[in-house]
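> Pasting a structure below so you can have a look.
Each reported figure results from applying straightforward, stated rules to the coordinates on display, with no laboratory input. The structure displayed is predicted, hence computed values, not measured ones. Virtual Cβ from ideal backbone geometry, glycine too; neighbours counted across all protein chains shown.
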């Protein structure tokens, strides 16, 4: 079980881990020990997330979202398998927490009458300044 917050807990069947040899630092350890962790969360099949949350989660996951509707997170930063597992879990929790936040709906507003007047006045002043930049002709013809 993975606890996201007080209301949401991910069941074990929704998560799967696989291990492989890590690229990166570790010397001969790299060739012997499978320290890289690939965490897979079956997001599309999860009964704990609403449809709207799944849509936001898919957008946040980006290329980590698979065709089957799972999120795959790979962690291979450290030489320790246990630490890489913790990092992968933390990343998953972070993405899910962001997906749980419902964005505020934008309320369309109209500009005030005074701001419209000020804008148009500023435009007129600017137009006069620019129109005065033309070629200068002698007026004594």
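> Among 13, 65, which comes first, second and so on when ranked by fewest other beta-carbon atoms within 10 Å?
13, 65
> Once label points are set 7 Å from the Cα along Cα→Cβ at both residue 48 and residue 83, what is their separation, rounded to one decimal in nm?
2.7 nm
> If you don't mind, another one. May I ask you to compute the full-extension gain from residue 6 to residue 38, defined as 0.36 nm times their residue separation minus their alpha-carbon distance, rounded to one decimal in nm?
8.9 nm is the gain from fully extending residue 6 to residue 38.
> How far is the Cα center of region 110-141 from the Cα center of region 1-71, in Å?
For region 110-141 versus region 1-71, the Cα centre distance is 60 Å.
> Calculate, in nm to one decimal, what residue 123 and residue 107 gain on full extension: separation in residues at 0.36 nm each, minus their alpha carbon distance. Before the final figure, lay out each step's value.
Numbers: separation 16, 0.36 × 16 = 5.76 nm, distance 2.75 nm.
Taking 0.36 nm per residue and subtracting the Cα distance, the gain is 3.0 nm.
> Still on this structure, I have one more. For a bin width of 10 Å, list the pair-distance distribution of the chain built from all Cα-Cα distances, rounded to whole %.
10, 26, 18, 10, 8, 10, 10, 5, 2, 0
> Please tell me the relative contact order of region 2-100 in percent, rounded to the nearest whole number, where contacts are Cα pairs under 8 Å and at least six residues apart.
29 percent.
> Please arrange 57, 121 by counting, for each residue, the other beta carbons lying within 10 Å of its beta carbon, fewest first.
Going from least to most buried by this count: 121, 57.
> By how many nm would the segment from residue 94 to residue 16 lengthen if fully extended, with 0.36 nm per residue of separation less the alpha-carbon distance?
Between residue 94 and residue 16, full extension yields 26.3 nm more.
> What number, rounded to the nearest 500 deg cm²/dmol, is the helix-based mean residue ellipticity at 222 nm of the chain, given -39500 (n - 2.57) per DSSP H run of at least four residues and division by all its residues? Present the calculation step by step, with values, prior to reporting the outcome.
Working: 4 runs with 54 residues, N = 141.
Result for the chain, helices only: -12000 deg cm²/dmol.
> Among 85-92, 126-133, 42-49, what's the highest-first ranking by average C-beta atoms within 10 angstrom per residue?
85-92, 42-49, 126-133
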